[in-house]
Amino acid sequence: MKNLAGPKSQPLRRLRKPGAPSPAPKHPLILNGDAAVHSLVPGSDSPANAALVKRVSGWSLSSTDTDIAVLVSSLSKTLTRKLKNLRSLNRDEFVGLLGSFFQKCAERIGLAISVDPSDPSFIPKAIEKLGFVIGREAAGLILEGCLILEVWEVIETLILQKLAGNLNSVNLVEKLIEKNQSELLCLCVREISDLKSSELVLILKFFLSPTDDSLNSMILVRKKLENDALFAIEKATHRGLDEKVTALAREASILLAMAHDRFSSSEVCLHYVFGSSNLDDLVLSSAILRLDGSEVLTLVRYFIKWLEKYQRFPEAGPCPSAMPVLGLTVCDSIPSLESVARGLGLVLDEHFSYLVLSSEFHEEMRAIERLVKSFASEAELCLPVNEIIKHLQLEARQY
């Protein structure tokens with residue numbers, strides 16, 4: 001084959017196999033190329049007749065990018081060394097190391113954190129503003145150190161800023177389960193988009209078969225839901241608020257009260273799993289398939305509770321505006337009727353034979369049949385009304 005690159009060309013590098021991981025970059029952070037692009041000039045050896053492609057020279061990283069890369073590299077090396085010998089790592093030193101790193105980054109970029117470095121909230125606030133400078137390697141090392149030293153508030157911020165997930169080498173879900181961190185597990189389900197089925201089944205089993213120690217942490221999740229429900233009720237009954245805000249608070253209060261009433265603390269944690277938009281049917285069904293008989297029974301009873309709630313309160317539904325308007329973050333994690341039906345359908349698909357042959361499930365199956373028939377009859381009644389509404393909308397457009 002003719003060498004199209006010319007006689008002076010170098011041999012081509014061997015291509016990576018499909019699916020092989022890319023080599024770790026030397027500077028795993030976002031670089032600002034604006035200044036570098038403006039400093040580029042046409043190369044002296046560029047052919048005069050090159051109309052489309054011209055050689056340029058003068059490329060160099062800015063001093064800020066170089067300094068940040070050095071800081072991140074130094075932090076990664078220090079954390080790698082200290083994590084190999086856990087005796088040389090203590091919480092105060094670790095927090096001080098992170099605080100110093102973010103303080104130097106803020107000074108170099110010229111960004112104000114607005115929190116004193118001695119304040120416990122400095123590192124979470126710094127991660128919110130400077131998380132973009134942390135590469136995959138550094139984020140994983142910070143996460144690992146936080147898990148060992150139980151710096152939960154920093155882990156929460158890393159999850160919220162999308163810096164935790166399967167891109168890191170840390171087995172985050174397993175370690176949070178070992179530490180009985182139900183709140184952070186709920187946050188993982190809500191925020192991490194690349195959870196694997198093996199991780200999801202661990203989370204499901206953790207919520208469906210709680211121990212005494214894990215149940216204590218799940219109570220805190222239920223308390224958060226209770227506080228949000230009370231806040232929504234207060235706003236819904238508060239005089240002087242905008243009518244739209246009051247109506248939104250009323251919708252949110254119904255939804256949150258439904259999610260709290262008659263649900264145990266462990267079942268409230270399940271809300272985050274089946275109210276999450278991050279999980280597709282394939283991952284969810286794979287996790288459900290690996291549940292045992294008692295866990296399946298608990299899950300079916302959980303779905304029956306939801307079907308009964310939506311039958312009793314047909315006006316209830318998702319409130320996507322409740323978080324930005326009222327600050328009710330829990331609303332985004334409440335399963336809709338559609339999510340409940342989907343979850344129940346996956347359970348029946350994966351465990352149908354077991355459910356039919358096991359006598360202890362017969363009462364639950366009869367309850368599901370009654371509820372489904374009720375929803376079906378209501379849907380049939382709604383169809384004519386829906387057609388009337390569509391007809392009126394068409395008539396209104398003509399005028």
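The values are calculated or read from the model by the stated rules, or taken from the named source; none is laboratory data. This structure is a prediction, so every number in the text was calculated from the model and none was measured. All Cβ positions, glycine included, derive from the backbone under ideal geometry; neighbour counts span all protein chains shown.
Among the conditions (1) at pLDDT below 95; (2) crowded, with 21+ Cβ neighbours inside 10 Å, the only one that Arg136 does not satisfy is (2).
Looking for whichever is assigned by TED's automatic domain parsing to the domain that holds Glu150 and at pLDDT below 90 here; the options are Arg87, Arg81. Which one fits?
Numbers: Arg81 fails: at pLDDT below 90.
Unique residue meeting the criteria: Arg87.
Does the stretch 347-364 include one or more residues that are surrounded by fewer than 15 Cβ atoms within 10 Å (Cβ to Cβ), assigned by TED's automatic domain parsing to the domain that holds Ala287 and either in contact with a Lys or Arg (Cβ under 6 Å, 6 or more places away or on another chain) or of a type in the set (Val, Ile, Thr) (or both)? Yes, the stretch 347-364 has at least one match. Looking across Leu185, Leu208, one residue alone is assigned by TED's automatic domain parsing to the domain that holds Ser265 and at pLDDT 95 or above. It is Leu208.
Do the conditions hold for Thr298, that is, is it more than 23 Å from Gly345 (Cα to Cα) and part of a helix (DSSP H, G or I)?
On the way: more than 23 Å from Gly345 (Cα to Cα): no; part of a helix (DSSP H, G or I): yes.
Considered against the rule, which asks whether it is more than 23 Å from Gly345 (Cα to Cα) and part of a helix (DSSP H, G or I), Thr298 comes out as no.
For the stretch 76-97, the tally of residues that are among the polar types (S, T, N, Q) and closer than 17 Å to Gly135 by Cβ stands at 3.
Cβ separations smaller than 8 Å between residues 6+ apart or across chains give the following pairs from the stretch 310-332 residues that are assigned to a loop (DSSP other than H, G, I, E, B) to residues that are of a type in the set (Gly, Ala, Ser): Gly317/Ser336; Pro318/Ser336; Cys319/Ala252; Leu328/Ala232; Leu328/Ala252; Leu328/Ala322.
When residues in the stretch 352-375 are screened for being touching a residue at least 60 places away in the same chain (Cβ under 8 Å) and hydroxyl-bearing (Ser, Thr, Tyr), 3 of them pass.
Out of all the residues in the stretch 238-250, which are surrounded by 11 or more Cβ atoms within 10 Å (Cβ to Cβ) and at pLDDT 90 or above?
Residues of the stretch 238-250 that are surrounded by 11 or more Cβ atoms within 10 Å (Cβ to Cβ), as a first pass: 238, 241, 245-250.
Hits for the stretch 238-250 are Val245, Thr246, Ala247, Leu248, Ala249, Arg250.
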